[in-house]
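Reading through the structure tokens given below for one structure.
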Amino acid sequence: MLPGTTTSMATAVPANRLSTAQQALGLRSVFPDSAVALSPRRLHWTGRLQPSELCRRYTVEIDYKRGHYPKVRVLAPELKADDAGFLPHTYNDLSLCLHDAGQWDESMLIVDTIVPWAAEWLLHYEVWLATNEWFGDHGDDVLRPTHYQELPPL
Amino acid sequence: MTRFSSQILDDLLGHGISSLDITPAERSLAIARYTAVAEALAEHWATDPSDGIVYPQGSMRLGTITRKYHRSDEIDIDLVARRDLSKHVISQAELKEDTGLGLEKFVLGEPEGTPTLDEGKRCWTLQYPGFHLDTLPALPNPQAHSESAILITDTELVRWLFSNPIAYADWFHEVMAKEMEDKLLVLSKRMDIEQVPTWQVKTTLQQAVQALKRHRDIYFTDALELRPASIIITTLAARAYRGGGDLYEVVDDITDRMPRYVTHDGQRYVVLNPVEHHENFADRWHGKPERSEAFFRWIEQAKADFDGLARAGGGVDTVIAKLAAAFGDRAAVEASRAMSRGIVDGRGRNNLAYGLGTGALAVGPAVRSRHVARDHDFHGDRGARQ
């Protein structure tokens, strides 16, 4: 076995891991009006998303630290939980659950994954506000992913 | 107000309207049921059922069936039962009674679905679980130019009433023929079959009629007697229709233009039957100003409610709430489910796009957009509980 290789897929780092600068470039090219703060290890993006003309326009922040899944929060307008304090598909820190473990890795452009997934979350959230039902999941014939309090580390 | 056409709005509206329609399974069942009625009446009259003595009329024939809001979303199907006799040998009362007798024998034979029978002003109603078959006794009208012309009875009138539901339906289908043909072509290519039955396709005119009928039923929940007749709504909508397009735009345009096709001859309001020019569908408004007033008040409200659906930036939740007010809660939830399903399936097929600078979602190709890179699941603990 060659030195430096690993047999554990779980800890494998994608060969084409993107830098924070590459991620920032992607975000800025698609959302020229958004704000990006950047260091080699960390990226902070604030932008506006409107999943359809019918939807509200949301200010959304993405906090991405290398080696971690990006964290997505809605800054405004404030998300409304139901009377019991329940807000579907969110973590305890009110960041959004956008994917299962293993569905995102650092070879993927945040702008083509996390951002539209957040837009989709917002659309399903507005439907949930009216119907009290979350229709954003695959049908029951699809294997349900595990539900976590927190995602396992990337 | 911002006016726009949006895939999500058209999806919500289209799915909301189709939840009011008869399902394919209900349709097959209804056809099986009225075929049995036809056979029973043929036996009663000792004629051949293939002479077409029982056939659907009204919304079943027009493709505009709309579940009854005030009767727990039940379906009404209107049938003509034509006895091939001359009006000189049978009176109105005799025809009505004789048809009732044939239907009574049918019901006593405990047919499938175990219907019950009720008498109405002009028709007999066979009640099945979930739907009614309203059966209208009729004679052929040999004086008319059209072979499909019939004479019908009315307990409140001495003379026979003229009717021609087949010619009316032919007129309605002719008005929307171009859109129907285009949609059938698209569907037959997609399904890769030569002939798609027309009932599998809805034109925007049919959908507009269903939307308007449902809105009317909810608007007049507490004053059912003031409801404008479906034949008036259907006729005015078909007159106002200017061809297919985006569903919301068409529904909005039809609703806007409909009232101008109600004319006034100096004495009374007139909505002419397009195939029987001596018949005024608005006759029932004469001497009852509250009926015409109710119509004009309602169509204004429908217009305002449909306009309100397209207010940009207020939230899909507010649009769904307006859909629920216009079409009922069940329609609004079904619309939401089906619209969301479209997005989820789109991403599952790797066919979801998001708009540059906006994140606006679209299934299929869209202008100024990028492809969503991959499928995903919203996981997490189904929400934080604080």
Would you pick out the residues in region B:77-100 that are surrounded by fewer than 13 Cβ atoms within 10 Å (Cβ to Cβ) and over 18 Å from residue B:141 (Cβ atoms)? B:93
What's the number of the condition residue A:44 fails, among (1) more than 7 Å from chain B (Cβ to nearest Cβ); (2) in contact (Cβ under 8 Å) with a residue 60 or more places away in the chain; (3) under 21 Å from residue A:22 (Cα atoms)? (2)
I'm trying to understand the selection: among the residues of region A:62-74, which are in a strand (DSSP E or B) and buried (at least 16 other Cβ atoms within 10 Å of the Cβ)? A:62, A:63, A:64, A:71, A:72, A:73, A:74
For the subset of region A:93-136 comprising residues that are touching a strand residue (DSSP E or B) at 6+ places or on another chain (Cβ under 7 Å) and surrounded by fewer than 22 Cβ atoms within 10 Å (Cβ to Cβ), which member is nearest to the other protein chains (Cβ to nearest Cβ)? A:112
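Pick from region B:30-62 the residues that are part of a helix (DSSP H, G or I), in contact (Cβ under 8 Å) with a residue 60 or more places away in the chain and of a type in the set (A, V, I, L, M): which of them is nearest to residue B:234 (Cα to Cα)?
B:62
Yes/no per residue for (1) in contact with a helix residue (DSSP H, G or I) (Cβ under 6 Å, 6 or more places away or on another chain); (2) part of a helix (DSSP H, G or I); (3) closer than 21 Å to residue B:325 by Cα; (4) not assigned by TED's automatic domain parsing to the domain that holds residue B:57:
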{"residue": "B:222", "(1), (2), (3), (4)": "no, no, yes, yes"}
{"residue": "B:231", "(1), (2), (3), (4)": "yes, yes, no, yes"}
{"residue": "B:234", "(1), (2), (3), (4)": "yes, yes, no, yes"}
{"residue": "B:239", "(1), (2), (3), (4)": "yes, yes, no, yes"}
{"residue": "B:244", "(1), (2), (3), (4)": "yes, no, no, yes"}
{"residue": "B:250", "(1), (2), (3), (4)": "yes, yes, yes, yes"}
{"residue": "B:253", "(1), (2), (3), (4)": "no, yes, yes, yes"}
{"residue": "B:257", "(1), (2), (3), (4)": "yes, yes, no, yes"}
{"residue": "B:266", "(1), (2), (3), (4)": "no, no, no, yes"}
Options B:270, B:363, B:316: the member that is free of Cβ contacts under 8 Å to residues at least 60 places away in the same chain and surrounded by 15 or more Cβ atoms within 10 Å (Cβ to Cβ): B:270
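Please pick out the residue among B:325, B:353, B:321 that is surrounded by fewer than 22 Cβ atoms within 10 Å (Cβ to Cβ), of a type in the set (A, V, I, L, M) and within 18 Å of residue B:217 (Cβ to Cβ).
From the options B:325, B:353, B:321, the qualifying one is B:325.
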Residue under evaluation residue B:308, criteria (1) of a type outside the set (Phe, Trp, Tyr); (2) touching a residue at least 24 places away in the same chain (Cβ under 8 Å); (3) on the phi < 0 side of the Ramachandran plot; (4) surrounded by fewer than 20 Cβ atoms within 10 Å (Cβ to Cβ), criterion not met: (2)
Region B:84-116: number of residues that are in a loop (DSSP other than H, G, I, E, B), under 31 Å from the mean Cα position of the chain (by Cα) and touching a residue at least 60 places away in the same chain (Cβ under 8 Å): 4
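Would you check which residues across region A:36-53 are over 17 Å from the mean Cα position of the chain (by Cα) and either within 17 Å of residue B:353 (Cβ to Cβ) or assigned to a strand (DSSP E or B) (or both) and list them?
Restricting attention to region A:36-53, the residues satisfying the condition of being over 17 Å from the mean Cα position of the chain (by Cα) are A:37-41, A:52-53.
Matches in region A:36-53: A:37, A:38, A:39, A:52, A:53.
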Among the residues of region A:37-47, how many are surrounded by fewer than 18 Cβ atoms within 10 Å (Cβ to Cβ) and touching a Lys or Arg at 6+ places or on another chain (Cβ under 9 Å)? 3
Exactly one of A:50, A:22 is touching a Gly at 6+ places or on another chain (Cβ under 7 Å), modelled with pLDDT of 95 or more and either farther than 30 Å from residue B:314 by Cα or surrounded by 11 or more Cβ atoms within 10 Å (Cβ to Cβ) (or both), and that one is A:50
Any chance region A:66-86 includes a residue that's touching a helix residue (DSSP H, G or I) at 6+ places or on another chain (Cβ under 7 Å) and facing chain B (nearest Cβ under 8 Å)? no
Does region B:120-154 hold any residues that are charged (D, E, K, R), exposed (fewer than 13 other Cβ atoms within 10 Å of the Cβ) and in contact (Cβ under 8 Å) with a residue 12 or more places away in the chain, and which are they? B:121
Can you tell me which condition residue B:338 does not meet? The list is (1) in contact with a His (Cβ under 6 Å, 6 or more places away or on another chain); (2) surrounded by 18 or more Cβ atoms within 10 Å (Cβ to Cβ); (3) at pLDDT 90 or above, and all the others hold. (2)
Which condition from (1) over 23 Å from the mean Cα position of the chain (by Cα); (2) under 20 Å from residue B:33 (Cα atoms); (3) at pLDDT below 95 is the one that residue B:145 breaks? (2)
Restricting attention to region B:174-188, the residues that are without any contact (Cβ under 8 Å) to a residue 40 or more places away in the chain and touching a helix residue (DSSP H, G or I) at 6+ places or on another chain (Cβ under 9 Å) number exactly 3
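The values are calculated or read from the model by the stated rules, or taken from the named source; none is laboratory data. Model, not experiment: these values are computed from the prediction. When we count neighbours, we look across all protein chains shown, and the Cβ atoms used for this are built from the backbone with ideal geometry, even at glycine.
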